[in-house]
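A.B. asks: Mind having a look at this structure? Questions to follow.
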Amino acid sequence: MKKLFFITILSTILLSNDLINGKVDISIQNPTISKSEITYSKYPINGKTLLILAPNYRSANKTLSIVLDDKEYSFLVKEGEYKKEQIKLAKPSIIKPNKKLQERISKEYNEAVKIYAKSTPKSYIKKPFILPLNSVITSPFGSARVFENTLKSYHSGTDFRAAIGVSVPASNDGVVVIAQDRYYSGGSVVIDHGFGVYSQYYHLSKINVKVGDFVKQSDIVGLSGDTGRVSGPHLHFGIAIKGVSVDPLDFIEKFNAKAFN
């Protein structure tokens, strides 16, 4: 097995020496991948193919391998510098759902897993991603979420300050695959951008789209709100690669640089 400790070029292979949990690695290449312990997408755009590696947040300190063009590489996934956040819920009862609500949560989770498992073989993206809002970031990706002194989860997206009723535009072109109220994420819209890349808009007070709609960048998908498990009104914006949540700001910066520069 070949270990990567520095930037290596083998035929068309170009990979960074480090992977960080929740941070994507994007290179311009189209290798044959016969095995991978790292979630990935091969995204064709502007006459080239981007190889997007998405190490799961929970893969920190694990060694993961991938086989590219019959050559095996392994990476020790480093842990990102993420903070802990004490969250005081606006609706404290939401952290302890009863049996009926637990069944709802399970159903919504399984529905989402099936959606993210699909990889639409079509590139919808024609221009760089934009941020849905340009307001203050109130909670970054990756923060450990502590509710009532109990570590419950990590923050799978980026929160933008927004009063109830602020228009939320689509970050890029794509097809709506989720448009519904969900227990934890409240009013939720998820857009499929093709080849396993999805953007997420949560806690909406109003949803303006329905499943199956094609939306263009900047189309208003809904209005910001305080629905679901929240401490107050805001917009949660996320990016998922085949269901693996990654830092949306990191993804947009790297994707736009590789796809359009």
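A.B. asks: Mind checking whether some residue in segment 128-137 is assigned to a strand (DSSP E or B), assigned by TED's automatic domain parsing to the domain that holds S106 and touching a Gly at 6+ places or on another chain (Cβ under 6 Å)?
C.D. replies: Among the residues of segment 128-137, not one is assigned to a strand (DSSP E or B), assigned by TED's automatic domain parsing to the domain that holds S106 and touching a Gly at 6+ places or on another chain (Cβ under 6 Å), which makes the answer no.
A.B. asks: Go through segment 108-130 and report how many residues are in contact with a Pro (Cβ under 8 Å, 6 or more places away or on another chain) and crowded, with 16+ Cβ neighbours inside 10 Å.
C.D. replies: 1
A.B. asks: For Y124, which of the numbered conditions (1) in a strand (DSSP E or B); (2) closer than 27 Å to D219 by Cα fails to hold?
C.D. replies: For Y124, the exception is condition (1).
A.B. asks: Residues of segment 30-61 being assigned to a loop (DSSP other than H, G, I, E, B), over 16 Å from the mean Cα position of the chain (by Cα) and at pLDDT 95 or above, which ones?
C.D. replies: Within segment 30-61, N30, P31, T32, E37, N46, G47 meet the criteria.
A.B. asks: Of all residues being farther than 14 Å from G196 by Cα and among the aliphatic types (A, V, I, L, M) in segment 224-252, which is modelled with the lowest pLDDT? Just the residue, please.
C.D. replies: Per the stated criteria, the residue is V230.
A.B. asks: Restricting to segment 220-232, what's the tally of residues that are under 20 Å from the mean Cα position of the chain (by Cα) and surrounded by fewer than 16 Cβ atoms within 10 Å (Cβ to Cβ)?
C.D. replies: 1
The values are calculated or read from the model by the stated rules, or taken from the named source; none is laboratory data. For clarity, every value in this text was computed on a predicted model and none was experimentally measured. For neighbour counting, all protein chains shown are included, and Cβ atoms are generated from backbone atoms with ideal geometry for every residue, glycine included.
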